[in-house]
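One structure is given here, and the rest of the page talks about it.
Laboratory data are not the source of any read-out in this text; all were calculated from the coordinates shown. Since the structure is predicted, the reported quantities are computational estimates derived from the model, not experimental observations. Virtual Cβ from ideal backbone geometry, glycine too; neighbours counted across all protein chains shown.
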Amino acid sequence: MTTVSDKQFWFVVGSQHLYGEEALGEVKAHAQEMVDALNNSGVLPYPLVLQELAVSADKITTIMKEVNYRDEVAGVITWMHTFSPAKMWIRGTKLLQKPLLHLATQYNESIPWATIDMDFMNLNQAAHGDREYGFINARLNKQNKVVVGYWQRPNVQKQIAEWMDVAVAYNESFNIKVARFGDNMRNVGVTEGDKVEAQIQFGWTVDYFGIGDLVAYVNEVTEEEINALFAEYAEQYDFDYGNYSKEAWEASVKVQASYEIALKRFLDNGGYNAFTSNFEDLHGMKQLPGLAVQRLMAQGYGFAGEGDWKTAALDRLLKVMAHNVNTGFMEDYTYEMAEGKEAILQSHMLEVDPSLASNKPKVLVSPLGIGDREDPARLVFDGKAGEGVVVSMADFGTHYKLLINEVEAFEPEVAAPNLPVARVLWKVKPNFQDGVKAWIENGGGHHTVVSLNLTTDQIVSYAKLVGLEYVIIK
């Protein structure tokens, strides 16, 4: 899998000199205990690193400048242990260019009524500090995340973990590079978009390459490399020869093996982590890449068909956010409209992401009615069940817009022996009629990215960070 570099988050604790060094020593001890416990919880996907206490404007500004400079730091989590005057935070917070989470918690879970005195009150002013600190973040329009609750509770730790994944994806967004092999599919509207604005707003670099650039890489792949990868296919998948001779079937699959090797080499050499193909641009290619694309998606590369670079970049972004689990490119195909069974069948010509497979995929060779090329190989499987979210991005000319729909995926109960592609089924929320209607009225595209690991809240957190308009259907 293409991975992101190791990341960490800085834990910054707000206080002040007003209560003396002894009190600050206790604050630091409490903070260290919390950081150690959170790091040892097994819940957080990335480590917390405790910083010096934020007791002055100069100290806060220095910390935030360092956060911006350090590539390994993906974001900041702040906690107001005591009352931390918010004007101290203005300069540093304005300078901060990475995601910010305000953890509204306190060291002690309950008020110790038998022993509470003014020393305790002064030292444990989280309720006081949260309001002061929250006001200045709201006034600065930081779009920061706020998590409220006792820090030892699993649901609080889960919220922190989910935000960490969003923050890492936000940082990775500026490293997304999409290679377009050929242009957009002719006469299709939703795949178009302003690439310059996408780079300004989201950090995405989108480059065009003629299909001949890829063919040159394909021609350099050796027979030894192809045979070695074919042997890997034999270990991981079932082979379905259908009506083909073994020789013809293997020859078709080995074409895809050459494509996989060439595509990966091309992408890695150029630092690309997402790509598109287009069945209308296949000059010099024997097949439309199918199995090859599916294999690369499983490794973490973003992808979308028909030159849809927006969805390819979005796919890569959500794969990073979801650790490439149960997340992939998808396309609406046909409705199930039987009373009480309403659903949408999701698939594609070939390229359905095997990270969504509920059963062992099989390699199948079958004709493709478009593209005018040889019969391509592809992985065929049924999709997993689970609660999830499906996301579509569109360029409305004046701005980008993100559409978010909560879905319930389910495993197919009926076989489809004549369907030579993978299939994913889901029910849209709140119900079929209202969900589909809202999607259409808001301009949601037929190319999407679905994740059974991410939540609407995570998608919204990212949208707020990049100033992206969003609509939620649930």
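Once you reduce the range 415-474 and the range 125-139 to the center of their Cα atoms, the two points are 35 Å from each other.
Over the range 378-461, what is the relative contact order in whole percent, taking alpha-carbon pairs under 8 Å and six or more residues apart? Walk me through the numbers on the way to the answer.
Working: 135 pairs, mean separation 32.6, N = 84.
Relative CO of the range 378-461 lands at 39 percent.
Two tests apply to each whole DSSP H helix in the chain, Cα reach of 30 Å or more along its axis and mean Kyte-Doolittle hydropathy of at least -0.5, and the ones passing both are 246-270.
On the basis of the beta-carbon distance and an R0 of 25 Å, Ile440 and Ala416 show a calculated FRET efficiency of 0.45.
Contact order normalised by length for the chain, with contacts defined as Cα pairs under 8 Å and 6 or more residues apart; what percent is it? Spell out each step's value before the answer.
Details: 996 pairs, mean separation 61.3, N = 474.
In percent, rounded to a whole number, it is 13.
Computed from the alpha carbon positions, the gyration tensor of the range 175-266 leads to an equivalent ellipsoid with semi-axes of 34, 16, 13 Å, biggest first. Distance from the alpha carbon centroid of the range 26-47 to that of the range 220-251 works out to 50 angstrom.
Would you please name the chymotrypsin sites (Phe, Trp or Tyr not before Pro) within the range 48-101 that are DSSP coil residues with at most 14 other C-beta atoms within 10 Å of their C-beta?
Details: sites: Tyr69, Trp79, Phe83, Trp89; in loops: Phe83.
Listed in order of number, the matching sites amount to none.
Sites listed here are GluC sites (Glu not before Pro) in the range 382-474 whose DSSP assignment is loop and whose Cβ has at most 12 other Cβ atoms within 10 Å: Glu413. Multiplying the residue separation of Thr115 and Asn269 by 0.36 nm and removing their Cα-Cα distance gives an extension gain of 48.9 nm. Take the Cα of Asp238, step 7 Å toward its Cβ, do the same at Glu408, and the gap between the two points is 2.9 nm.
Work out how much length Val4 to Ala338 would gain on full extension: take 0.36 nm times their residue separation and subtract the Cα-Cα distance, in nm to one decimal. Don't skip to the answer; put the middle values down first.
On the way: separation 334, 0.36 × 334 = 120.24 nm, distance 4.40 nm.
Answer, rounded to one decimal: 115.8 nm.
Can you sort Lys401, Lys87, Lys94 from fewest to most other Cβ atoms within 10 Å of each residue's own Cβ? Please report the intermediate quantities before stating the final value.
On the way: Lys401 18, Lys87 9, Lys94 13.
The order, fewest Cβ neighbours first, is Lys87, Lys94, Lys401.
The ranking of His348, His128 by Cβ neighbour count inside 10 Å, starting from the fewest, reads His128, His348.
Sorted from fewest to most neighbouring beta carbons within 10 Å, what does the list Ser252, Ser358, Ser5, Ser84 look like?
Taking fewest neighbouring Cβ atoms as first place, the list is Ser5, Ser358, Ser252, Ser84.
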